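Here the structure comes first, spelled out in structure tokens, and everything after it is commentary.
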Amino acid sequence: MKKDTLKEIDFYMVTDSGLSRKGTLNDVEQALKADCRIIQYREKCKSTKEMIEEGKCLKSICKNRAILLVNDRVDVALAIDADGVHIGQDDMPFMIAREQLGEGKIIGVTVHNVEEALSAERAGADYFGLSPIFETGTKKDAGKACGLSMITEVRKRTKLPIVAIGGIIRGNVEDVIRAGADAAVAISAVVNSEDVYRETEMFIEIIRNVKKLI
């Protein structure tokens, strides 16, 4: 998938095998059926070998359907020929990740404020993961919620795509998009649901409807 596809994202799916009821591969397939266009493979419980095996399956499922990124693990992204990676402030330095992946791959960076966003943009990031917007229990070290106002502040200072994450549910995702985010992540609300397809579909419907109005 090309970097230009980032302009079309709306709901950004992050996998979590610890929360999933039916497994990561099933979750991703259901999300793709609902027209999700970007998948981040986030796995904290499996070995590198297991991640590569599962990642290759995800690569096959996502081919010509969605962007596939790997959370943190540049080595796994290279092994499965993913479209890129998403890295945090404490992960591999951006320039090393870029050197290993090459210019053609997507690199997203987690940021928490305007200063980190501008620094990531200068380094050459392709998009931001702004986190956490609201309080979240999914990631224990997420830090203090930055709120909707931070989305607006980052939006004023950059044209790069903003993916909002942290405590997002169907009840507040409209506010997140109106504040300036291009896409939103809702991990627990989707992967821990009884029907991943339906939950993804509803998030996408809300986001796309809001975008038509703003």
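Cross-link partners of residue 159 among lysines, defined as those whose alpha carbon lies under 28 angstrom from its own and excluding same-chain residues fewer than eight positions apart: 2, 3, 7, 63, 105, 139, 144, 211, 212. Among 146, 45, sorting on how many other beta-carbon atoms sit within 10 Å of each Cβ, with the fewest leading, yields 45, 146.
Placing a label point 7 Å from the Cα of residue 169 along the Cα-to-Cβ direction, the residues of the range 176-214 with a backbone N closer than 11 Å are 189.
Using Cβ counts within 10 Å as a stand-in for footprinting exposure, how do 96, 165, 187 rank, fewest first? Write out the running numbers ahead of the final one.
Values: 96 12, 165 26, 187 22.
Neighbour counts put them in this order, fewest first: 96, 187, 165.
Within the shell of other residues whose beta carbon sits under 9 angstrom from the beta carbon of residue 193, the net charge comes to -1, with Lys and Arg scored +1 and Asp and Glu -1.
Note down the Stokes-Einstein diffusion coefficient of the range 3-213 in µm²/s, whole number, using a Kirkwood radius over alpha carbon pairs, 37 °C, and 0.692 mPa s. Don't jump to the answer; show the numbers that get you there.
Working: Rh = 16.9 Å.
The calculation lands on 194 µm²/s.
Rg and Dmax of the range 1-57, based on Cα coordinates, read 12.1, 33 Å.
Within a 10 angstrom radius of the beta carbon, how do 173, 191 rank from fewest other beta carbons to most? Can you show the working numbers first?
Values: 173 26, 191 29.
With the fewest neighbours first, 173, 191 line up as 173, 191.
Taking 17 Å as the straight-line reach from the Cα of residue 44, the aspartates and glutamates in range (excluding those fewer than 8 positions away in the same chain) are 16, 27, 53, 54, 72, 75, 90, 91, 141.
Positive-end ranking of 188, 70, 36 along the dipole of the range 3-213, with charges on Cβ about the Cα centre, is headed by 36.
Laboratory data are not the source of any read-out in this text; all were calculated from the coordinates shown. Keep in mind the model is a prediction, meaning the values are calculated, not measured. Virtual Cβ from ideal backbone geometry, glycine too; neighbours counted across all protein chains shown.
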